[in-house]
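What follows is a single structure, and I will ask about it in a moment.
The values are calculated or read from the model by the stated rules, or taken from the named source; none is laboratory data. From a predicted model like this one, the values you see are computed outputs, not experimental measurements. Quick reminder, even Gly has a Cβ in these numbers, built from the backbone with ideal geometry, and neighbours come from all protein chains shown. For accessibility, only protein heavy atoms count, side chains too; no ligands or nucleic acids. Shrake-Rupley method; radii C 1.70, N 1.55, O 1.52, S 1.80 Å.
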Amino acid sequence: FRRRFLVWINGSHWGRCIGDCGSGGIRSRAVWCVHVEGWTAHHSNCGLRDKPENQRSCFQVCDWHLELFEWEVSEWQICVLVPFAHGEVKPRTTDCVTAQHGLQHRSVHCIQKLNRTIVASEICEYFIPQPPVEQACLIPCPRDCVVSEFSKWSECSKDCVRSLQHRTRFVISPPLYGGSNCPNLTESRICDVPISCFLGEEEYIYSLQVGPWSKCRLPHLKEVSLIGRTMLDFSSDSAERSTFKLHSYKSHHYSKPWDVEIGYQTRQVRCTRSDGKNAMLSLCMQETIPLTFQSCVMPKDCETSVWSMWSTCSKTCHSGDLSPGFRSRHRSIKYIAVGTGKECPELEEKEACNVGGKELLHPCPRFSWRTSEWKACQVTLLLDGQDPRRHKHTALCGGGIQVREVYCVQSVIESGTHKLKEVTRPADKKLCVGPAPSASQLCNVPCSSDCLVSSWSAWGPCVHENCQDHQGRKGFRMRQRHVVVEPIGMSQGCPHLVESIPCEDPMCYQWVISEGVCVPDHGKCGHGNRILIAICKNNKGDEVSHTLCSEFLHPETMVCEVPCAVDCVVNDWSEWSSCSHSCSSKNAEGKQSRTKSILALPGEGGKPCPPHRALQEYRLCNDHICTQFYWETSPWGPCSEDTLVTALNATISWNGEATCGVGLQTRKVFCVKNNFDQVTNKRCPDSLRPETMRPCLLPCKKDCVVTPFSEWTHCPMTCQHGDDSFRYRIIIQNAANGGQDCPDTLYEERECEDIPVCPVYRWKTHKWSHCILVPDSVRQGILGINEACGRGLQSRAVVCLSDNDLAADVTECMKWTEPMPALVQECLIPCKDDCTFTPWSKFTACSSDCESTKSRRRSLTGRSRKRDKCQNTVVYPQVETEACPCETFITQPHGNWSDCIIAEGKTELQLGMRFQGETKQCGEGVRLRAIACYDKTGKLVEPSYCSSSGYIEESCVIPCPFDCKLSDWSSWASCSASCGAGMKIRSKWLKEKPYNGGRPCPTLDLKNQVYEAVPCYTECNQYSWVVEPWSPCKINSEQNSLHCGDGIQTRKIRCVNTAEDGEGETVPITQCDQSEIPNEAQKCNLYCPNECVMSDWGQWSQCPQVCDPNIMQTRTRHVLRSPLNTKTCPKDSQMQPCVLNQNCFQYQYNLTDWSTCQLSENATCGQGIQRRLLSCMRSDGKSVNMNYCEQLNLEKPEKLSIHCHVECSVNCQLSKWSAWSECSNTCGIGGKFMIRTRSIIMQSQGEGRLCPTQLTQYRNCPVKPCYTWILGAWSPCKVEGGQCGEGFQIRNLTCIVHDASMSVPSKQVKNAFCGELPSKDNALQLPCSVPCPGDCHLTGWSEWSSCELTCIDGRSFETTGRQSRSRTFIIQSFENRDSCPEQVLETRPCSGGKCYNYAWKTSLWRDNERTVWCQRSDGVNVTGGCSVHTQPAETRHCNPECKKPFTYCTQVLCSCERGYTEIMRSNGFLDYCMKVPGLEDKKADVKTSAGKNKPVNSKMHDIFKGWSIQPFNPDGRLKIWVYGVSAGGFLIILFLIFTSYLCDPPNKLNMLFNIYDTIINAGDNQGLGWRLTARDPQCNNLIIP
């Protein structure tokens, strides 16, 4: 009971679809159990049976469903008027001005692309909003049919024949949007009978009317005799028919032939009268009566086989494009059409397939370009063929070209993964779109450069090998050299930099003793002691701690002697000279010397001077043997694995780069003596021993990688000549570092088996059957003809045979051979009165003469030889003559000469050939000019008759490019610096300039030269001055008896080579620095006895590094002998300021300029090196030894060499010429050009030859004759044997030859030249009819009207316009009007139309009538187009009507006729007309009503008609007050003239006369009064009332 108050309530909206993609989704809604009072209860309280569903399945849309569903939108329906609120359609109103508002609808559905089924709209709305289903539109106002004006009436017959005349018009614009249909386009009327004809006398025209042929039918069986003749069959109900069949071939060998049945057909011939009635045939009799029967072929429709199965779709996969695939099916001909049977339909049918079914198709393979690795860089590809280095086996380096293979591969999408999987098998390059990657590029082969080292330093002292642990007495003396330029590339490295010599008693440290001043023991002279100062120095000369020398003893003092006043004085020992030899041998040993010189001679009793030999001292030096030892190394061996570093190979990285592991390199180290002898290692210092092992990168093994074999190329599928099938594969990566080698086979070829042979089919024809005539019963029944003769038909069998004479389908013959031979032909059975002839003989042979003819003959047979009419050779010729073909031809050049063409030889493609320019690009060639070949009659023939190639050939030359030529390099100029680093240059100069596109010259200077500069270096101490000791001071004894005082001493100097290989050799003094040349003579002084003797000046003290004139440098000397008396000694010290570049110098590193980019001698371009050298330069610009700068610890520049690049001179590389293109036309002179092209493989670079501008060559196409079927114009309709009725019209089909231009007339040739006949659409005979007098018939089509647009307010409503044409009927007899056909209207769309407006036009009124017509905006008068609601009236009427005598209606009022005047009522209407007196015998004047109705005064008259004061009396005379007004006006004019004359000269009269005219006219028009104001410069304003 309680459930009666509980109900289910469900939510109004379903929730969103949730779940997996596709149809497995679920959407829900809320459902409540609710009491009627509004509160909710548990679901169990309501009946579960009545519970609404709260879940339903749905389609869960996912993003990838975008490819599965789409909106299907139909076309917009026609625009309809907007309905009213209650649904009724708004009617088309008559007050439509431009257009009415409407709506148009379309259907929109969401469909599944696969099967085009409709699904829920929500699926498509998930991606794209639903397109609108309706839109507003405009419906133009109804447009009635618009027709032209009528033509003129046709002429009537001048005979007494009752006839009609007509006039026609044509349709200009069809009815649109519900407009009225077109009116009749024809009007007819009866012609008037000439007066000369008697009343009731009518003449008729009689015409022989030929009816149409009946259908072809077969005779009855009884009408056919056994021998082929016919007999009468009186049984009308006989159903049996005799079928004339051709004899069949045996069924086991030949196919069944077509059945060709010969029947007959008849037609009626009757006499018709011009009024359409039949008349007796005798009234139309003529000499020959048309045939009323003839033989015919029974029509049989073409019969085809059933359609074959559909072929597979051409689109078997889906790709990005939306184009569908196609499939086709075929059918064959079983029986060909015979007679007028239906022709064969299309034998092939195509349709689109796989439209939108992407889901069922696998993705199409994609093709993309791939490349192999770059092959090795080849320098020879850049060298000219004449370059001698190209054929040398030396290792060329520098710039080159490397190539790679570019191939096309296929990529497919793996099913289920949507990922691209690449198939590396090569595919046809045509399948890859887009530009292919470059197959070549410039590269560089590194060049090696040797190491450049300095000269050897001097030998060092004998030192221990290890001064930290000096055991034993063995030591080494060493000398060094340093690297000036580091080696690059694959050089053998630098030579050894240290040489050593074993020595005894080595010392790492030693005392360096310096002597102090000699101090006498007693007094100022005599014996004394000299204090010795010892400093501990290492073997490098650096001062070290004295503890390192503590083990060595050294003296502290030394005995010496100070000369007394009269003693001989000698100076200290000089420095030891340089050693004479660098080493000692059996034949030479090194020596050094030092000397002393006498400064003062002894006096009386003084100690004498030592002997001369005591003043010179010698010692041995460089007493070591002349054998040097050094460590020599072999080149590093290959990098190999070693078990010690195996653990590192898994994770090792080398310089931050992951490698294939680390290995070891080893080399041999041995001690070498004197550059060639290997000695024991003990001879070389072990501390300098080079390493024998080092870690290295293990090169990764690279196996050869090749693509799989490509697919075998297809063997020919049809009967075509093809090559063998082949496949290939491409090396992607070559083997390296011991990897697996590449396979030997990269190309495989196999023969194609079972290549189909082109089928050979032929038509087999059989004998013609006997001639079959119309049955006798038919002939006799029509005209009573008994003789069985005349024209008939005969047939034959035609079958299709294969090359082995087996029956084949007729479709094969129609496809592979010439058209099918005729099955039926006309034949003639001569009648007894006919002329009979033998068959034509063959034509006689032609001679070689072009004027000759050929002929053939026939002769009369039987009774014909005796008949006179048969002897008439004009009617019955017995000889036919034709002109023989002439073999004389005329050549006429056509077009311009072609480009110069150079023949290309066949060359094999080799690696690098594409870059060598092996194909001939210049030299001798030919240029061609097309010819047109004509025969003697002027017909165009094949050009091979005049020239085998169809061209005139002429030799030509393409100039070869000539490169810029420079001279060879000159010799190197001397180094710009005699000491240290400098630059040296060499040059080339221009010999010949380039032309014809040769290699351009490098950048030249003003002297047309190009320079190369490199740094040069010479050791600053390589050449030095060597001086011998000073000679004794020579005193002039003639002037000085004491032999003391000033004198001169000399010495010898020489320049020696101090380099290692110089061995102190004396060289010309020019080799040494001339600025430092020592003096060869100097002043000297021999101190006299008792004088103070001073020592030589010591060295100047060092100036600071920064020269400062405020800082002084000093030098000192000491007293060697004190004076005897009190004479003082000279100063023992001197000072001078540190002046820059005088006695103070600064030093800095100097860099030479960068050299030009230097290439290896084996390189022509590519990577090179620019070098600069470092030297030490003094502040005065002089190069000095590097030690000066090194001692100052100056900062050295970082880079002395940098990499540079010399651009390679790459000639432009071109592809081979393509094949010549096809002509756009296969014949005639309109074929334009044949083109061949070549492309640029690599652009020129650097100084290479530029690319030629001609990448395309043209030549005229051969002028071949064009053979064309020409259809002639249709002949007038011809009725055979009659004047009207059914006939035929024919046109000729002619084969002509022409050159495809309009300038040369075409010539007729044999039909065989044109080949296959035109299609069946080009009929040569058509049925037609000639109307008989009295028949109603249609006219021909009118011309197409101009293109007109539907426009609203002058704007086009449509994008396309319309044109119309029409046919109307002509009535020749009103009795036959019911049989007239309907008039015909045709409309077609057009473009470029115009908007036209239509407006009513009217003529002037004439007798209350006028002409009203409609005119188009372009001036064409039409019927229709203008609105009938706005049509102006053609007549006008007065209200009330003019019924009184002598009145007529003018505009809207009644008026009187000419000669009468109006008498008006007070209300302005005419009362009556009064005759004007005195006008009985005169013409009416201006006073009459007719005279006043002139156009000028009509308005004035109408105005005055409403006045109460009339200027005219009822009799037509002027009233008196009018004369008074006129007289007053005249007086005013005289007053104005008089006043003007008093104020101004008489020339103002003209103005006043003009004013008078104005006043008079105004008086005539206005009638009562005026006010005139005139102003003059000399008078005041005159106001004249």
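Counting only residues that are closer than 14 Å to ASP521 by Cβ and touching a residue at least 60 places away in the same chain (Cβ under 8 Å), which one in the stretch 553-570 is most open to solvent (accessible area, probe 1.4 Å)?
The residue in question is CYS564.
Taking interchain pairs and intrachain pairs at least six residues apart, which have beta carbon atoms under 6 angstrom, with the first residue in the stretch 863-880 and within 13 Å of LYS832 (Cβ to Cβ) and the second assigned to a strand (DSSP E or B)?
From residues that are within 13 Å of LYS832 (Cβ to Cβ), the pairs are CYS870/LEU860.
Oh, and also: Only one of (1) open to solvent by 60 Å² or more (accessible area, probe 1.4 Å); (2) charged (D, E, K, R); (3) assigned to a helix (DSSP H, G or I) fails for GLU787. Which number is that?
(3)
Turning to a different aspect of this structure: Can you go through SER948, SER955, SER944 and tell me which one is within 30 Å of GLN921 (Cα to Cα), of a type outside the set (Val, Ile, Thr) and part of a helix (DSSP H, G or I)?
The match here is SER944.
Of the residues that make up the stretch 574-596, is at least one in contact with a helix residue (DSSP H, G or I) (Cβ under 9 Å, 6 or more places away or on another chain) and within 18 Å of GLU1028 (Cβ to Cβ)?
yes
Next question. List the number of the failed condition for ARG1406; all other conditions in (1) more than 14 Å from PRO174 (Cα to Cα); (2) surrounded by 15 or more Cβ atoms within 10 Å (Cβ to Cβ) hold.
Of the numbered conditions (1) more than 14 Å from PRO174 (Cα to Cα); (2) surrounded by 15 or more Cβ atoms within 10 Å (Cβ to Cβ), the odd one out for ARG1406 is (2).
Can you tell me which condition GLU1195 does not meet? The list is (1) assigned to a loop (DSSP other than H, G, I, E, B); (2) open to solvent by less than 50 Å² (accessible area, probe 1.4 Å), and all the others hold.
GLU1195 satisfies every listed condition except (2).
Only residues that are open to solvent by 60 Å² or more (accessible area, probe 1.4 Å) and either touching a helix residue (DSSP H, G or I) at 6+ places or on another chain (Cβ under 7 Å) or modelled with pLDDT under 90 (or both): list them for the stretch 1368-1393, please.
GLN1372, PHE1374, GLU1375, ARG1377, ASP1378, SER1379, GLU1382, SER1391, GLY1392
If you don't mind, there's one more thing I want to ask. As an exercise: evaluate MET1242 against (1) open to solvent by 60 Å² or more (accessible area, probe 1.4 Å); (2) over 25 Å from TYR945 (Cα atoms) and give the number of the one condition it does not meet.
Condition (1) is where MET1242 drops out.
Right, next: Test of understanding: among LEU1006, LEU966, LEU990, which residue is under 28 Å from GLY1246 (Cα atoms), open to solvent by 40 Å² or more (accessible area, probe 1.4 Å) and touching a residue at least 12 places away in the same chain (Cβ under 8 Å)?
One residue alone meets the criteria, LEU966.
Please go through the stretch 406-426 and give me each residue that is more than 25 Å from the chain's Cα centre (by Cα) and at pLDDT 85 or above, ordered by number.
PRO426, the sole residue that qualifies.
Can you tell me which of SER500, SER449 is in contact with a Phe, Trp or Tyr (Cβ under 6 Å, 6 or more places away or on another chain) and either hydroxyl-bearing (Ser, Thr, Tyr) or without any contact (Cβ under 8 Å) to a residue 40 or more places away in the chain (or both)?
Answer to the check: SER500.
Are any of the residues in the stretch 25-34 open to solvent by less than 60 Å² (accessible area, probe 1.4 Å), touching a His at 6+ places or on another chain (Cβ under 8 Å), at pLDDT 80 or above and assigned to a loop (DSSP other than H, G, I, E, B)?
yes
Restricting attention to the stretch 1119-1166, which residues are part of a loop (DSSP other than H, G, I, E, B) and within 60 Å of the chain's Cα centre (by Cα)?
Passing the criteria: THR1152, ASP1153, TRP1154, SER1155, THR1156, CYS1157, LEU1159, SER1160, GLU1161, ASN1162, THR1164, CYS1165.
Another question, then. Mind checking which residues of the stretch 152-175 are part of a loop (DSSP other than H, G, I, E, B) and open to solvent by 50 Å² or more (accessible area, probe 1.4 Å)?
Correct list: LYS152, TRP153, GLU155, LYS158, ASP159, ARG162, PHE170.
Quick one: in the stretch 274-306, which of the residues that are in contact with a helix residue (DSSP H, G or I) (Cβ under 8 Å, 6 or more places away or on another chain) and open to solvent by 30 Å² or more (accessible area, probe 1.4 Å) is farthest from VAL1279 (Cα to Cα)?
The qualifying residue farthest from VAL1279 (Cα to Cα) is GLY276.
Hey, among the residues in the stretch 576-631 that are basic (Lys, Arg) and assigned to a loop (DSSP other than H, G, I, E, B), which one's most open to solvent (accessible area, probe 1.4 Å)?
Across the stretch 576-631, the extreme among qualifying residues is LYS586.
Per-residue answers, yes or no, for (1) among the polar types (S, T, N, Q); (2) at pLDDT 75 or above; (3) within 30 Å of ILE26 (Cβ to Cβ); (4) not in a loop (DSSP other than H, G, I, E, B):
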{"position": "ARG49", "(1), (2), (3), (4)": "no, yes, yes, yes"}
{"position": "GLU53", "(1), (2), (3), (4)": "no, yes, yes, no"}
{"position": "ARG56", "(1), (2), (3), (4)": "no, yes, yes, yes"}
{"position": "GLU70", "(1), (2), (3), (4)": "no, yes, yes, yes"}
{"position": "ILE78", "(1), (2), (3), (4)": "no, yes, no, no"}
{"position": "GLY102", "(1), (2), (3), (4)": "no, yes, no, yes"}
{"position": "HIS109", "(1), (2), (3), (4)": "no, yes, yes, yes"}
{"position": "GLN130", "(1), (2), (3), (4)": "yes, yes, yes, no"}
{"position": "GLN135", "(1), (2), (3), (4)": "yes, yes, no, yes"}
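Right, something else. Could you tell me which of the residues CYS1426, CYS1454, CYS1438, CYS1442 is open to solvent by less than 60 Å² (accessible area, probe 1.4 Å), without any contact (Cβ under 8 Å) to a residue 60 or more places away in the chain and part of a strand (DSSP E or B)?
CYS1454
When you scan the stretch 748-766, do you find a residue that is over 60 Å from the mean Cα position of the chain (by Cα), at pLDDT 80 or above and either open to solvent by less than 70 Å² (accessible area, probe 1.4 Å) or farther than 30 Å from VAL706 by Cβ (or both), even just one?
Yes.
I would also like to ask the following. Which of the residues belonging to the stretch 99-114 are touching a strand residue (DSSP E or B) at 6+ places or on another chain (Cβ under 7 Å) and closer than 20 Å to TRP71 by Cβ?
GLN104, HIS105, ARG106, VAL108, HIS109, CYS110, ILE111, GLN112, LYS113
Which residue out of ALA977, ALA981 is open to solvent by less than 60 Å² (accessible area, probe 1.4 Å) and touching a Phe, Trp or Tyr at 6+ places or on another chain (Cβ under 6 Å)?
Exactly one residue qualifies, and that residue is ALA981.
Right, here's the next one. Please work out which one of (1) open to solvent by 80 Å² or more (accessible area, probe 1.4 Å); (2) closer than 27 Å to HIS482 by Cα; (3) modelled with pLDDT of 85 or more is the condition LEU497 fails and give its number.
For LEU497, the exception is condition (1).
How many residues, within the stretch 316-352, are open to solvent by 50 Å² or more (accessible area, probe 1.4 Å), more than 30 Å from VAL297 (Cα to Cα) and modelled with pLDDT of 80 or more?
Counting residues in the stretch 316-352 that are open to solvent by 50 Å² or more (accessible area, probe 1.4 Å), more than 30 Å from VAL297 (Cα to Cα) and modelled with pLDDT of 80 or more gives 6.
For the stretch 851-904, what are the residues that are part of a loop (DSSP other than H, G, I, E, B) and within 30 Å of ALA1219 (Cα to Cα)?
Across the stretch 851-904, the qualifying residues are GLY895, ASN896, TRP897, SER898, ASP899, CYS900, ILE902, ALA903, GLU904.
Please go through the stretch 939-962 and give me each residue that is open to solvent by 30 Å² or more (accessible area, probe 1.4 Å) and either closer than 30 Å to THR888 by Cβ or touching a residue at least 60 places away in the same chain (Cβ under 8 Å) (or both), ordered by number.
Hits for the stretch 939-962 are LYS939, GLU942, SER944, TYR945, CYS946, SER948, SER949, ILE952, GLU953, GLU954, SER955, PRO961.
Do the conditions hold for VAL1184, that is, is it of a type in the set (Val, Ile, Thr) and either within 27 Å of SER454 (Cα to Cα) or loosely packed, with under 13 Cβ neighbours inside 10 Å (or both)?
yes
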